[in-house]
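Student: Just passing along the structure, written as structure tokens.
The values are calculated or read from the model by the stated rules, or taken from the named source; none is laboratory data. Values in this document were obtained by computation on a predicted structure and should not be read as measured data. Using ideal geometry, Cβ is built from the backbone for each residue, glycine included, and neighbour counts are taken over all protein chains shown. Surface accessibility is based on the protein's heavy atoms, side chains included, excluding ligands, DNA and RNA. Shrake-Rupley method; radii C 1.70, N 1.55, O 1.52, S 1.80 Å.
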Amino acid sequence: MAVDIRLATARKRVPLPADVGKHLVSPGDTITTDTGFMRGHGTYMEDEKLIASVAGAVERVNKLICVKPLQTRYNGEVGDVVVGRITEVQQKRWKVETNSRLDSVLLLSSVNLPGGELRRRSAEDELMMRDYLQEGDLISAEVQAVFSDGALSLHTRSLKYGKLGQGTVVQVSPSLVKRRKTHFHNLPCGAAIILGNNGYIWIYPIMEQKDDEAGGFVTNLEPVPLSDREVISRLRNCIIALNVHKMLLYDTSVLYCYESSLHQQIKDILKPEIMEEIVMETRQRLIDQEG
């Protein structure tokens, strides 16, 4: 029977960037007594004092003060890229679970028809909805609108969105996914990732380009080579390590973490001391790159 024995080691000290020392508050803490500030999300006024209603970091934009929660459900914005799972097929729409407070809606009129046809949706299309997407399917989509109750309306009209095939999904905190111009990345290590703003990250092998006659509904079910599966597994464990240590997730940080983990076995990445060593090395590389 194999036994893991952990020995004490001296840890390297990594200087933290200047913006780490944020003003953190917990519910009930007084943020300011100055009456010249405007009240934003996560705050309330009491006895002419601005008080935090959630635990998080204080953010100031000119005269507006708000508190950004450290852990929260996903609050969608128009243009966000999300990864979600179909939970229900309804009349002319699908319900999608996107890690937000309410299920999101994907209308039949907001998806590409097979073959890329441009026409009005008919009763035949409505009858074939379950052939396009059914319960349990994973999709990538873009937020088209936000309803008054906070529910999201999605669309998959671009060919880069649609049904997801073979790969693995990792759930992280939505606040850790850095907003970038693009959230679809082909990494040089041999895999691709979709960094969903809602905290769902899809990791999948880079397949050869095929014709898009299916409109994003047919998935490639060819066997994935062992080497690709190992790369995907390593990326998954690296993303979990970055999430545990509350580091921002974007293409550069994920790639640096992957490179820092190459001298470790895939299963060892999730051991606490190895995880900390890999993340500290990643953080140091990011600091060196910025400075």
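Student: Could you please find all residues in the range 174-192 being small (G, A, S) and over 24 Å from T72 (Cβ atoms)?
Tutor: From the range 174-192, those small (G, A, S) are 175, 190-192; that's our starting set.
The answer is G190, A191, A192.
Student: Let me ask something additional. I'm checking my understanding of the structure. Among residues of the range 78-98 that are assigned to a strand (DSSP E or B) and β-branched (V, I, T), which one is farthest from A151 (Cα to Cα)?
Tutor: Of the residues in the range 78-98, the ones assigned to a strand (DSSP E or B) are 81-90, 93-97.
Retained after the next criterion (residues that are β-branched (V, I, T)): 81-83, 86-87, 89, 96.
On the way: V81: 15, V82: 13, V83: 15, I86: 15, T87: 15, V89: 17, V96: 10 Å.
The extreme case among them is V89.
Student: Pick from L154, L106: which is touching a residue at least 40 places away in the same chain (Cβ under 8 Å) and within 23 Å of R180 (Cβ to Cβ)?
Tutor: Of L154, L106, the one residue that is touching a residue at least 40 places away in the same chain (Cβ under 8 Å) and within 23 Å of R180 (Cβ to Cβ) is L154.
Student: Name every residue in the range 1-33 that is modelled with pLDDT of 85 or more and over 29 Å from I287 (Cα atoms), in order of residue number.
Tutor: Selection gives P27, G28, D29, T30, I31, T32, T33.
Student: So L262 clears everything in (1) open to solvent by 50 Å² or more (accessible area, probe 1.4 Å); (2) within 21 Å of P205 (Cβ to Cβ); (3) within 14 Å of the chain's Cα centre (by Cα) except one condition, right? Which one?
Tutor: L262 satisfies every listed condition except (3).
Student: Could you please tell me which pairs satisfy a Cβ distance under 7 Å, a separation of 6+ or placement on different chains, a first residue in the range 267-280 that is under 18 Å from L248 (Cα atoms), and a second residue that is assigned to a helix (DSSP H, G or I) and open to solvent by 70 Å² or more (accessible area, probe 1.4 Å)?
Tutor: Partner pairs satisfying both residue conditions: M275/V244.
Student: With (1) farther than 21 Å from L138 by Cβ; (2) not in a strand (DSSP E or B) as the list, and K68 as the residue in question, which single condition is left unmet?
Tutor: Only one criterion in (1) farther than 21 Å from L138 by Cβ; (2) not in a strand (DSSP E or B) is unmet by K68, namely (2).
Student: Right, here's the next one. Is it true that some residue in the range 221-235 is modelled with pLDDT under 95, under 29 Å from V78 (Cβ atoms) and open to solvent by 20 Å² or more (accessible area, probe 1.4 Å)?
Tutor: Scanning the range 221-235, I find no residue that is modelled with pLDDT under 95, under 29 Å from V78 (Cβ atoms) and open to solvent by 20 Å² or more (accessible area, probe 1.4 Å), so the answer is no.
Student: Okay, next question. Of (1) open to solvent by less than 90 Å² (accessible area, probe 1.4 Å); (2) modelled with pLDDT under 90, E48 satisfies all except one. Which?
Tutor: Checking E48 against (1) open to solvent by less than 90 Å² (accessible area, probe 1.4 Å); (2) modelled with pLDDT under 90, the one that fails is (1).
Student: In the range 169-204, how many residues are under 23 Å from L70 (Cβ atoms) and over 11 Å from the mean Cα position of the chain (by Cα)? Reasoning before the result, please.
Tutor: Here is the first cut: in the range 169-204, the residues under 23 Å from L70 (Cβ atoms) are 169-180, 183, 195-201.
Those still in the list that are over 11 Å from the mean Cα position of the chain (by Cα) too: 180.
Matching residues across the range 169-204 total 1.
Student: A follow-up question, please. Criterion first (outside any loop (DSSP other than H, G, I, E, B) and open to solvent by 60 Å² or more (accessible area, probe 1.4 Å)) does K22 satisfy it?
Tutor: Against the criterion (outside any loop (DSSP other than H, G, I, E, B) and open to solvent by 60 Å² or more (accessible area, probe 1.4 Å)), K22 does not qualify.
Student: Tell me which residues, restricted to the range 74-86, are surrounded by 15 or more Cβ atoms within 10 Å (Cβ to Cβ) and not small (G, A, S).
Tutor: Narrowing the range 74-86 to residues surrounded by 15 or more Cβ atoms within 10 Å (Cβ to Cβ): 74-76, 80-86.
Scanning the range 74-86 gives Y74, N75, D80, V81, V82, V83, R85, I86.
Student: Condition first: farther than 30 Å from M247 by Cα and open to solvent by 40 Å² or more (accessible area, probe 1.4 Å). Can you find one or more residues in the range 160-171 that meet it?
Tutor: No: the range 160-171 contains no residue that is farther than 30 Å from M247 by Cα and open to solvent by 40 Å² or more (accessible area, probe 1.4 Å).
Student: Within the set of pairs 6+ apart or on separate chains, which have a first residue in the range 221-235 that is farther than 11 Å from M207 by Cβ and free of Cβ contacts under 8 Å to residues at least 60 places away in the same chain, a second that is among the hydroxyl-bearing types (S, T, Y) and in a helix (DSSP H, G or I), and C-beta atoms under 9 Å apart?
Tutor: Listed by first residue and then by second, the contacts come to V231/Y258; R234/Y258; L235/Y258.
Student: Further question: Examine the range 99-109 for a residue that is part of a loop (DSSP other than H, G, I, E, B), of a type in the set (S, T, N, Q) and either modelled with pLDDT of 90 or more or open to solvent by less than 50 Å² (accessible area, probe 1.4 Å) (or both), and state whether such a residue exists. Write out each step before concluding.
Tutor: So in the range 99-109, the residues part of a loop (DSSP other than H, G, I, E, B) come out as 99, 101-103.
Filter again for of a type in the set (S, T, N, Q), leaving 99.
Then keep just the ones that are either modelled with pLDDT of 90 or more or open to solvent by less than 50 Å² (accessible area, probe 1.4 Å) (or both); that gives 99.
Yes, some residue in the range 99-109 is part of a loop (DSSP other than H, G, I, E, B), of a type in the set (S, T, N, Q) and either modelled with pLDDT of 90 or more or open to solvent by less than 50 Å² (accessible area, probe 1.4 Å) (or both).
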